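The block underneath contains the structure these notes are about, expressed in structure tokens.
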């Protein structure tokens with residue numbers, strides 16, 4: 001068996017909560033950002049390349065990292081979405097506030 005090549009496009013940085021967040025090396029763009037745009041969203045790799053000045057290799061490295069850690073990252077995304085929903089103001093409340101103005 002040959003040697004395994006290291007692909008150095010992903011680094012783990014302190015997330016500020018005692019954990020590590022995978023980001024595209026040299027940027028603040030997280031693997032979850034790429035997942036949100038490409039896997040869960042409707043953005044193409046080409047669109048991400050053009051709009052975020054990333055290389056194809058960086059994006060595909062982020063996607064490879066995601067698929068290697070899919071269960072963990074999906075769980076983190078679900079937790080973040082649930083927390084956002086808990087803090088969100090219901091639409092009917094927003095409409096009531098607007099009508100009072």
Revision key, fill the gap. Looking across region 45-67 at residues that are at pLDDT 95 or above and outside any helix (DSSP H, G or I), the single one that is nearest to residue 7 (Cα to Cα) is 55
Check your understanding: In region 8-44, what residues are crowded, with 18+ Cβ neighbours inside 10 Å, under 13 Å from the mean Cα position of the chain (by Cα) and part of a loop (DSSP other than H, G, I, E, B)?
Key -> 29
Point to revise | Subset of region 68-92 (residues that are modelled with pLDDT under 80 and surrounded by 10 or more Cβ atoms within 10 Å (Cβ to Cβ)) | key: 88
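The values are calculated or read from the model by the stated rules, or taken from the named source; none is laboratory data. What you are looking at is a predicted structure, and each value in this text was computed from that prediction instead of being measured. Counting neighbours? That spans all protein chains shown, and the Cβs are built from the backbone with ideal geometry, glycine included.
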